[in-house]
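The values are calculated or read from the model by the stated rules, or taken from the named source; none is laboratory data. Predicted, not measured: the structure shown is a model, and the values here were computed from it. Here Cβ is always computed from backbone atoms with ideal geometry, including for glycine, and neighbour counts include all displayed protein chains. Ligands, DNA and RNA are stripped out before the accessible areas are found, and what is left, the full protein with its side chains, is counted by its heavy atoms. Shrake-Rupley method; radii C 1.70, N 1.55, O 1.52, S 1.80 Å.
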Amino acid sequence: MQPTLHQLKVFETAARHGSFTRAAEELYLTQPTVSIQIKQLSKTVGFPLFEKLGKQLYLTEVGNRLFTTCQSIFEELDQFEMIVSDLQGMTQGKLHLATVTTCKYFVPRLLGNFCDQYPGIDISLKITNHLQLEKRMMENRDDLYILSHPPQHIDLKVQPVIKNPLVVVAPPSHPLVGQKNIDISALNNQRFIMREPGSGTRHAVQALFNKHKVNVEIKLELGSNEAIKQAIAGGLGISVLSRHSLNGREYTDLAILDVEHFPIEQQWSVAYLSGKHLSVVAETFLHYLVSVTDHAEMPWMHFK
Ligand code: PGA
């Protein structure tokens, strides 16, 4: 009996995550389905592929070999798919894009226009934080990445696209609202809502606070900019957010504080792995992205 491609995909996903549950989530399957597929696959192979020590799932030696084999099989298949869509030109194909969380305020809009121009193209958009994006780069999971501070230790081709100013956001009732040029030391002991570890925004905020010896009182850590906005509005504290996350709509429940050294001027860039052969689709999107963002500000960035 031969392993099916589906079984290999399920196995590769579970091995990559070290978890059946997360593989099930990624593949939109149930956890028992993942477990059955892997059981059948190890029966076909004739060896166990995973072992469980305590709560942790490990690949066996055979499992490890199979994982490497699967990765090259799927990479080859991706290449093949790319050749076919290149032959078909821009009428069909898939774009794998991954961005940091703050980009979700502008990337989907751009994708909308892009898809109108090229309706045959399917897009997979992964939105996650900076650290997770780095991991995806190292696993060569996507065509293009959009983030601030592209990692130095990965060989990348990088092109700046759009500015990402980080601003201090408070509820309108906060005593510092309306004051001009607030000394950064005024943030000392403020109740603060911080992004999760691994977030690029958090990294930038911590670097600035360390530099100016600011000690905020971290009340809450949240992995979502939207949740942070709700928490600020609910009076849990202040935070630092990308100005894009306050995207031009009227916010009566949030205010930007005029604190010295802010906005922290970040720059988003589009990046791809240096050795990567970009598909026609990815190349076209790259040019599209650079051309439409080739001006200082996006229209929805104005927020007072
Ligand atoms: P993040 O984004 O906080 O979602 O990691 C940071 C960035 O702009 O690179």
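Filtering segment 141-148 for residues that are more than 15 Å from the ligand (Cβ to nearest atom) and either open to solvent by 30 Å² or more (accessible area, probe 1.4 Å) or of a type in the set (A, V, I, L, M, F, W, C) (or both) leaves a non-empty set. When segment 75-107 is limited to residues that are more than 30 Å from Glu196 (Cβ to Cβ) and among the small types (Gly, Ala, Ser), the one that is modelled with the lowest pLDDT turns out to be Gly89. Working only within segment 46-97, note down all residues that are surrounded by fewer than 11 Cβ atoms within 10 Å (Cβ to Cβ) and part of a strand (DSSP E or B). Matches in segment 46-97: Lys52, Leu53, Gln56. Being farther than 30 Å from Gly89 by Cβ, open to solvent by 60 Å² or more (accessible area, probe 1.4 Å) and among the aliphatic types (A, V, I, L, M) holds for only one residue in Ile218, Ile228, Ile264, Ile232, and it is Ile218. Contact annotation: residue pairs with Cβ atoms under 7 Å, 6 or more positions apart or on different chains, pairing a residue in segment 261-275 that is within 11 Å of the ligand (Cβ to nearest atom) with a partner that is small (Gly, Ala, Ser), are Ile264/Ala204; Gln266/Ser148; Gln266/Ala204; Gln267/Ser148; Trp268/Ser148. Taken over segment 127-140, residues that are over 9 Å from the mean Cα position of the chain (by Cα), open to solvent by 60 Å² or more (accessible area, probe 1.4 Å) and aliphatic (A, V, I, L, M) amount to 1. Within segment 154-189, the set of residues being among the charged types (D, E, K, R) and within 13 Å of the ligand (Cβ to nearest atom) comprises just one member, Lys163. Is it the case that Gln7 is part of a helix (DSSP H, G or I), open to solvent by less than 50 Å² (accessible area, probe 1.4 Å) and not β-branched (Val, Ile, Thr)? Considered against the rule, which asks whether it is part of a helix (DSSP H, G or I), open to solvent by less than 50 Å² (accessible area, probe 1.4 Å) and not β-branched (Val, Ile, Thr), Gln7 comes out as yes. Yes or no: Asp116 outside any strand (DSSP E or B) and crowded, with 19+ Cβ neighbours inside 10 Å? Taking the combined requirement at face value, the residue does not satisfy it. Selection of segment 190-207 for residues being more than 16 Å from Leu257 (Cα to Cα) and either more than 15 Å from the ligand (Cβ to nearest atom) or surrounded by 14 or more Cβ atoms within 10 Å (Cβ to Cβ) (or both) yields Met194, Arg195, Glu196, Gly198, Ser199, Gly200, Thr201, Arg202, His203, Ala204, Gln206. Against the conditions (1) assigned by TED's automatic domain parsing to the domain that holds Lys135; (2) in contact with a strand residue (DSSP E or B) (Cβ under 6 Å, 6 or more places away or on another chain); (3) surrounded by 17 or more Cβ atoms within 10 Å (Cβ to Cβ), Thr284 satisfies every one except (2). How do the pairs read when you match residues in segment 110-131 that are of a type in the set (Lys, Arg) with residues anywhere that are open to solvent by less than 20 Å² (accessible area, probe 1.4 Å), using Cβ under 9 Å and keeping only pairs 6 or more apart or on different chains? Listed by first residue and then by second, the contacts come to Lys126/Leu97; Lys126/Ala98; Lys126/Thr99; Lys126/Leu133; Lys126/Asp142. May I ask you to verify whether Pro175 is surrounded by 14 or more Cβ atoms within 10 Å (Cβ to Cβ), assigned to a loop (DSSP other than H, G, I, E, B) and modelled with pLDDT of 90 or more? Spelling it out, it is not the case that Pro175 is surrounded by 14 or more Cβ atoms within 10 Å (Cβ to Cβ), assigned to a loop (DSSP other than H, G, I, E, B) and modelled with pLDDT of 90 or more. In the condition set (1) among the hydroxyl-bearing types (Ser, Thr, Tyr); (2) within 18 Å of the chain's Cα centre (by Cα); (3) surrounded by fewer than 17 Cβ atoms within 10 Å (Cβ to Cβ); (4) at pLDDT 95 or above, Ser124 is compliant with all but (4).
Summed over segment 185-228, residues that are outside any helix (DSSP H, G or I) and either under 18 Å from the mean Cα position of the chain (by Cα) or assigned by TED's automatic domain parsing to the domain that holds Leu131 (or both) total 10.
Number of residues in segment 195-251 that are within 22 Å of Pro150 (Cα to Cα) and hydrophobic (A, V, I, L, M, F, W, C) equals 7.
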